[in-house]
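Beneath this line is the structure, given in structure tokens, with notes to follow.
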Amino acid sequence: MSNAELISLFDRGIVMRAAGDALRKLNPITLARNPVIFVTEIVSMMVSIVGVENLLTGQPAGFPITVAIWLWLTVLFATFAEAIAEGRGRARAESLRRARSDTPAKLLSNMKDRRNFKLVPAPQLKRNDLVLVEAGDLIPSDGEIIEGIASVNESAITGESAPVIREAGGDRSAVTGGTQIISDWLVLRITADAGATFLDRMIALVEGASRRKTPNEIALDILLAGLTIIFLIAVVTLVGFGYYSDTKLNIPVLAALLVCLIPTTIGGLLSAIGIAGMDRLVRFNVVATSGRAVEAAGDVDALLLDKTGTITFGNRMAAGLYPITGIAERDLAEAASFASLGDATPEGRSIVSFMREQFSISLAMPAGSAVVPFSANTRVSGLDSGDKSWRKGAVDSILKSINVQPPADFNDAVSKVARSGATPLAVSANGRLLGVIELKDIVKPGIRERFAALRKMGIRTVMVTGDNPVTAAAIAAEAGVDDVIAQATPQDKLDYIRKMQAEGRLVAMCGDGTNDAPALAQADVGVAMQTGTQAAREAGNMVDLDSDPTKLIEIVEIGKQLLITRGSLTTFSIANDIAKYFAILPAIFVTTYPQLQALNLMHLASPESAILSAVIFNALIIVALVPLALRGVKYRAVGAAALLRRNLLIYGLGGIIAPFIGIKAIDLLLHALHVFS
Amino acid sequence: MTGWAQIALLFALVLGAAFPLGAYIARLYNGERVFLTPVMAPFERGFYKLAGIDPNRQMRWQDYAVALLMLSAVHAGLLYAILRLQYYLPFNPQNIPGMAPNLAFNTAVSFLTNTNWQAYAPESQISNGAQMFGLTVHMFLSAAAGIAAAGAMMRAFSGGHLTSLGNFYVDLTRIALYLLLPVSIIAAVLLLVAGVPQTFAPFAVAHTLSGEPQTIARGPVAFMEAIKEFGTNGGGFFNANSSHPFENPSAATLLLENWLLLVISFSLPITFGHIVKDRKQGIALFAAMAILLVLGVAGTYAAEAHGNALQIAAGASPLHGNMEGKEMRFGSALTSMFNVSATGTSTGAIAGATDSFMPLGGLVPLFLMQLGEVTPGGVGSGFYTMIVFALLSVFVAGLMVGRTPEYQGKKIQAKEIKLAMLAVLILTLFILGGAAFSLMTKSGLGSLANAGPHGLSEMLYAWTSATENNGSAMAGISANTNLLDYGLGAAMAFGRFAFLIPVLAIAGSLAAKPKLPPSAGTFPTTGPLFIGLLIGVIIILGGLQFMPADTLGPVAEHYLLASGKLF
């Protein structure tokens, strides 16, 4: 399966199960975690009791019972929203769980002796156990390879079907439980206790069951609880004011007022938003060790990006030709092609294809020719055919091998190429110097625009590279990053992160090697590559299963989207209150002061239908916003000021206006159906 | 149009003064040299030596709060003793007896909390000596304490990883010596020139044309009047407060007094801009305060200028608007402006009877108080309350830009929200709980002068005024009962200190956090968008909870009046 597989917003199975879960979640003990909805439930119970009492004593019970039904629905819609978010996560978890191996593990007592193993069930493996896995086996748990090399199919967790090579030592020594070994064998040291493996963590996160509230969610919860208490005071004291004013206030009316004022919309959707945010991350094949890390991603204001693979394709490619005086450009191109025919390195192939594209030169290997391979000693490669020979290589090596004094324009070309951050290669044919090929690190298309978008969001991009400062500066200028760390050592990265943090900035980085571990641990958001070492994976707080360093940018966007969704729905929920006041207050007091009918701006048909319309709107708006909560509010890479203006307009102003329209519409409908009118 | 021109003139004068005065107060907070240093520094050093204060000691928020509370507690006892024992103390030419315990408690708390709720009748229940050494001294002290606390809050935003909020005693002393005292002296002299008395002589007895003798109360009024307005205290020398001709003889003195009571509270956001080294931040808070106040003044004046339809129908001239309870020398515009300014700040002084305002004209002062006294609020308290609202605004809407909300580079997290909500909760509880409870008791109902929604307004107004430390009253209420003396006393104390402690805790918590540098991704806390948001949050989070009660009070009364019903 692939995690990228989309789960439809309202998958039938998930909805059915969520409906059941929503009922189970009504248990007040578990619901107490959510103060707003908890209060709503208590109030619903009180109104229900009034309704039943009226029914038994023969008093009019239609109104209290209708209010009670809609209050219960409000609670149910809230629990349903959470249940459906969990359901979607669970669906993803189920498919992950299928990948978990139940096959027995081959436990070794002595790593030298691979023939003597004991079969034990995978869940019994402990940390530091030694395990043998052979072709066809599922890897029983997370581990570090201590011996062997093998190809591993990791599609169970990454969705990528091409097998990857894993070997002891170096940066590719970690394997994940649930993946399958295709060839050869490995000896692993188990690095996770049962139930704490990577897959387990991933399942727990998407299921949301063991989900802990994130710091920002806790703060928001406190605000919502505070507002609930404030409105509780307002409604309870209204009993006193009503008593003085000779206004009859009964429990259903006060309950309706309270539930409409407390922020049930955001209270009902808050946990669904959190779970859906995690789910989105997993869909991008990124696993976070905590929700805290996802929030921190939204706050990041500097990204440390490795040049190779993130900003550039990572291979130097031919990008230009500089013949010396008296040499035709085409002759140089031909010679360069010949010299590279036998060169299977990416550089060599790029030269051949560059000449083909630019000069339409396609050459076949001459019969009886001999390839001169590149060696670290000569730093030159080429081709010999009969009495002809072609060479390309490092400038000083070529000059030494043919022993000529280079002309001035050759030297100019070499220094020009070097200054631009590219690598010059000299080309010679039959002992004669022809010119220079420019090999360049090619910046990925579109990356410049992405960096510009990040800059608009106030995020600095920092390129980290082992190149010399000249090369680094040239690439940096081309890619449009804000800063460069050239000739970077692991210590440099760590120092840079510390310096940024001392200025109060939050830094995100990605890395794969063991030497990245300190920096990953120091960074506020450290994304380790799945192909990386165990040390790197443990130091980071997220793991990218696709090992795609560019994804750091998406992670930041997901973090921001999570916060934006929360903020937008909070604003919407609170802004709704104004309209509800104009619906309910005149309805409550109009019997005492008929003149207050003037406040009935929406001209709602009757006090009962006004109160009911507000309660119904309040309940339905939760369901109506579930898709938005699950999908998240769209994130746009514009500055904070523009984003605020836009969202404040939609969710603030919209939040003030929408309920006026909604409540009026419901009132008209109730009127048409002759309910309380 | 002269009414609107008078209002515009006052706001122009306040605006013009707030910027230089804001910069001046910033220098006081920073301990920098000012032009008064050569005169005042010896006194300042003398005070520290006398009181054994080390002016270089830096206080954590806990130390700062304890110092403020200790000082307040000691002074509460002192003031209580003065009021109880005033009969035996000097400067009591009328031989006024000591106050009863309930009234003395209420009055002591009232002047200590910068409320100046007056359950006593000044002319007959307090001596000149107690007015001067009891009340006036505490007008300085409570104002200086509030401004000091605002300074502590400002320092929290001035840098990252701070452990100290300054030194309470130093702040208090410098504010009193370099700000409150000199301006009050100048203002008192101006008032003297304009005809406000300052005398230790007993009450004057005049022989009227009808031959009956008339006792005219007088005393050391001018100096008390100056600090009464400048420190947003509001406790008048006379019962009629600033509508009394000895407190406020002319339209010119009204303008001066109105300017005095607004100017510090409007200067403090400007000071904040200096402290955080970003003037625009201060201007944004200033603008939110000013817009709300201007809307309030305009709303009240519009209601008053329009007049009472029933009185006009009965033959009253519509020319001056609703003149019931207003002084002819002020008229509708100045009275509306003064009363709204005095409720928008926590002064609570009045130049005319709010009780006699049109219902909507009376709703405005009530609502401005309920909003938490941030328009611009009391000296110091208005500023730190505004910061609480700014934090809540940024928290609610700040998430919408996709970052953990931050204000002035300080992240707003669970702890700050918890404390801010606690502070708002305390205000709501005392206002609504107190008023609703009183209206259900016999004693409470007995205090009301009017029936129906107007009576409800009076009681709601009293609890709002006390809790928000305003001190004004809808004059119909009889406040000197055990229920209201002790109840409102508690409301004043909690409204001041139970609000201030969480606020200082917020300051301490924010001070310790790193100050994040702003970037294009930072939530903008300047400009029209933020100002609009802040106003919206103040109204929704600060005011919405009071709407049901207000609907049964002034709102109901308004619509009843429109249908011809009076109370």
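The values are calculated or read from the model by the stated rules, or taken from the named source; none is laboratory data. This one's a predicted model, so the numbers in the text were calculated from it and none came from an experiment. Cβ: placed from backbone, ideal geometry, glycine included. Neighbour counts: every protein chain shown. Protein only, heavy atoms only, side chains kept; ligands, DNA and RNA dropped before computing areas. Shrake-Rupley method; radii C 1.70, N 1.55, O 1.52, S 1.80 Å.
Among B:GLY273, B:GLY344, B:GLY296, B:GLY325, which is within 24 Å of B:TRP463 (Cβ to Cβ), over 15 Å from the mean Cα position of the chain (by Cα) and at pLDDT 90 or above?
B:GLY296
For region A:289-297, state whether one or more residues are over 35 Å from the mean Cα position of the chain (by Cα), within 14 Å of chain B (Cβ to nearest Cβ), farther than 22 Å from A:LEU73 by Cα and open to solvent by less than 20 Å² (accessible area, probe 1.4 Å).
no
Is region A:431-439 home to any residue that is part of a loop (DSSP other than H, G, I, E, B), in contact with a strand residue (DSSP E or B) (Cβ under 7 Å, 6 or more places away or on another chain), of a type in the set (A, V, I, L, M, F, W, C) and open to solvent by less than 60 Å² (accessible area, probe 1.4 Å)?
Looking for residues that are part of a loop (DSSP other than H, G, I, E, B), in contact with a strand residue (DSSP E or B) (Cβ under 7 Å, 6 or more places away or on another chain), of a type in the set (A, V, I, L, M, F, W, C) and open to solvent by less than 60 Å² (accessible area, probe 1.4 Å), one finds none in region A:431-439, hence no.
So A:ASN515 fits all but one of (1) closer than 23 Å to A:VAL287 by Cβ; (2) in a strand (DSSP E or B); (3) open to solvent by 10 Å² or more (accessible area, probe 1.4 Å); what number is the exception?
Failing condition for A:ASN515: (2).
Go through A:ARG636, A:ARG645 for me and flag whichever is in a loop (DSSP other than H, G, I, E, B) and not aliphatic (A, V, I, L, M).
A:ARG636
Is it the case that region A:570-577 has a residue that's over 37 Å from the mean Cα position of the chain (by Cα), buried (at least 21 other Cβ atoms within 10 Å of the Cβ) and either under 17 Å from A:LYS664 (Cβ atoms) or more than 7 Å from chain B (Cβ to nearest Cβ) (or both)?
no
Report the residue count in region A:593-603 for those that are within 8 Å of another protein chain (Cβ to nearest Cβ) and either in contact with an Asp or Glu (Cβ under 8 Å, 6 or more places away or on another chain) or not hydrophobic (A, V, I, L, M, F, W, C) (or both).
Of the residues in that region, 2 qualify.
Going by the conditions given, is A:THR471 polar (S, T, N, Q) and open to solvent by 40 Å² or more (accessible area, probe 1.4 Å)?
The answer is no for A:THR471.
Could you give every pair whose Cβ atoms fall below 8 Å, whose first residue belongs to region A:112-127 and is in contact (Cβ under 8 Å) with a residue 40 or more places away in the chain, and whose second residue is in a loop (DSSP other than H, G, I, E, B) and hydrophobic (A, V, I, L, M, F, W, C), counting only separations of at least 6 or pairs across chains?
Once the first residue is in contact (Cβ under 8 Å) with a residue 40 or more places away in the chain and sits in region A:112-127, its partners that are in a loop (DSSP other than H, G, I, E, B) and hydrophobic (A, V, I, L, M, F, W, C) give A:ALA122/A:ALA194; A:PRO123/A:ALA194; A:GLN124/A:ALA194; A:LEU125/A:ALA194; A:LYS126/A:ALA194; A:ARG127/A:ALA192.
Cβ contacts < 9 Å: first residue more than 10 Å from B:ALA156 (Cα to Cα) and more than 8 Å from every other protein chain (Cβ to nearest Cβ), restricted to region B:508-534; second residue hydrophobic (A, V, I, L, M, F, W, C) and assigned to a loop (DSSP other than H, G, I, E, B), any location; separation 6+ or different chain. Result?
B:PHE530/B:PHE523
Restricted to region A:254-288, and to residues that are buried (at least 24 other Cβ atoms within 10 Å of the Cβ) and farther than 27 Å from A:ILE84 by Cα, which residue is farthest from the other protein chains (Cβ to nearest Cβ)?
Of everything passing the filter in region A:254-288, A:ALA255 is farthest from the other protein chains (Cβ to nearest Cβ).
If A:ARG212 satisfies all but one of (1) buried (at least 19 other Cβ atoms within 10 Å of the Cβ); (2) within 30 Å of A:GLY195 (Cα to Cα), what's the number of the condition it fails?
For A:ARG212, the exception is condition (1).
When you check A:ILE611 against the structure, is it open to solvent by less than 50 Å² (accessible area, probe 1.4 Å), under 34 Å from the mean Cα position of the chain (by Cα) and either more than 10 Å from chain B (Cβ to nearest Cβ) or over 30 Å from A:ALA297 (Cα atoms) (or both), yes or no?
Spelling it out, it is not the case that A:ILE611 is open to solvent by less than 50 Å² (accessible area, probe 1.4 Å), under 34 Å from the mean Cα position of the chain (by Cα) and either more than 10 Å from chain B (Cβ to nearest Cβ) or over 30 Å from A:ALA297 (Cα atoms) (or both).
Which residues, taken from region B:111-133, are of a type in the set (Gly, Ala, Ser) and under 19 Å from the mean Cα position of the chain (by Cα)?
B:ALA119
Residue-wise test of (1) touching a helix residue (DSSP H, G or I) at 6+ places or on another chain (Cβ under 7 Å); (2) modelled with pLDDT of 85 or more.
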| position | (1), (2) |
| --- | --- |
| A:ARG283 | no, no |
| A:ARG292 | yes, no |
| A:ALA297 | yes, yes |
| A:ASN315 | yes, no |
| A:ALA319 | no, yes |
| A:ALA333 | yes, yes |
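Report yes if some residue within region A:581-590 is surrounded by fewer than 24 Cβ atoms within 10 Å (Cβ to Cβ), in contact with a His (Cβ under 9 Å, 6 or more places away or on another chain), free of Cβ contacts under 8 Å to residues at least 40 places away in the same chain and within 14 Å of chain B (Cβ to nearest Cβ); otherwise report no.
Among the residues of region A:581-590, not one is surrounded by fewer than 24 Cβ atoms within 10 Å (Cβ to Cβ), in contact with a His (Cβ under 9 Å, 6 or more places away or on another chain), free of Cβ contacts under 8 Å to residues at least 40 places away in the same chain and within 14 Å of chain B (Cβ to nearest Cβ), which makes the answer no.
Within region B:131-247, considering only helices (runs of 4 or more DSSP H) that don't extend past its boundaries, which have at least 3 residues that are of a type in the set (Gly, Ala, Ser)?
Once the helices (runs of 4 or more DSSP H) in region B:131-247 are filtered for at least 3 residues that are of a type in the set (Gly, Ala, Ser), what remains is B:137-156, B:181-193.
Given the criteria closer than 21 Å to A:PRO659 by Cα, open to solvent by less than 30 Å² (accessible area, probe 1.4 Å) and within 8 Å of chain B (Cβ to nearest Cβ), does A:LEU563 qualify?
Against the criterion (closer than 21 Å to A:PRO659 by Cα, open to solvent by less than 30 Å² (accessible area, probe 1.4 Å) and within 8 Å of chain B (Cβ to nearest Cβ)), A:LEU563 does not qualify.
Given the conditions (1) closer than 29 Å to B:LEU165 by Cα; (2) touching a residue at least 24 places away in the same chain (Cβ under 8 Å); (3) surrounded by fewer than 20 Cβ atoms within 10 Å (Cβ to Cβ), report the number of the one that B:THR271 does not fulfil.
Result: B:THR271 fails condition (3) only.
Would you say B:LEU10 is touching a Phe, Trp or Tyr at 6+ places or on another chain (Cβ under 7 Å), not in a loop (DSSP other than H, G, I, E, B) and not basic (Lys, Arg)?
The answer is yes for B:LEU10.
Which one is surrounded by the fewest Cβ atoms within 10 Å (Cβ to Cβ) among residues in region A:366-388 that are of a type in the set (A, V, I, L, M) and farther than 25 Å from A:GLU438 by Cβ?
The selected residue is A:ALA367.
Can you tell me which residues in region B:400-443 are closer than 27 Å to A:ALA296 by Cβ, outside any helix (DSSP H, G or I) and open to solvent by 30 Å² or more (accessible area, probe 1.4 Å)?
B:LYS411, B:GLN413
Tell me which residues, restricted to region A:224-258, are within 40 Å of the chain's Cα centre (by Cα) and among the β-branched types (Val, Ile, Thr).
A:THR228, A:ILE229, A:ILE230
Mind counting the residues in region B:281-293 that are open to solvent by 30 Å² or more (accessible area, probe 1.4 Å) and either farther than 22 Å from B:ARG27 by Cβ or at pLDDT below 95 (or both)?
Count: 1.
Tally time: how many residues in region B:313-342 are open to solvent by less than 60 Å² (accessible area, probe 1.4 Å) and not in a loop (DSSP other than H, G, I, E, B)?
Looking only at that region, the number is 12.
Consider A:ILE485 against the criteria (1) more than 11 Å from every other protein chain (Cβ to nearest Cβ); (2) closer than 30 Å to A:LEU258 by Cα: it satisfies all of them except one. Which criterion is unmet?
Going through the list (1) more than 11 Å from every other protein chain (Cβ to nearest Cβ); (2) closer than 30 Å to A:LEU258 by Cα, A:ILE485 breaks only (2).
Here's the yes/no breakdown for (1) farther than 30 Å from B:THR404 by Cα; (2) at pLDDT 90 or above; (3) open to solvent by less than 30 Å² (accessible area, probe 1.4 Å):
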| site | (1), (2), (3) |
| --- | --- |
| B:LEU456 | yes, yes, yes |
| B:THR467 | yes, yes, yes |
| B:SER472 | yes, no, yes |
| B:ASN482 | yes, yes, no |
| B:ALA507 | no, yes, yes |
| B:PRO518 | no, no, no |
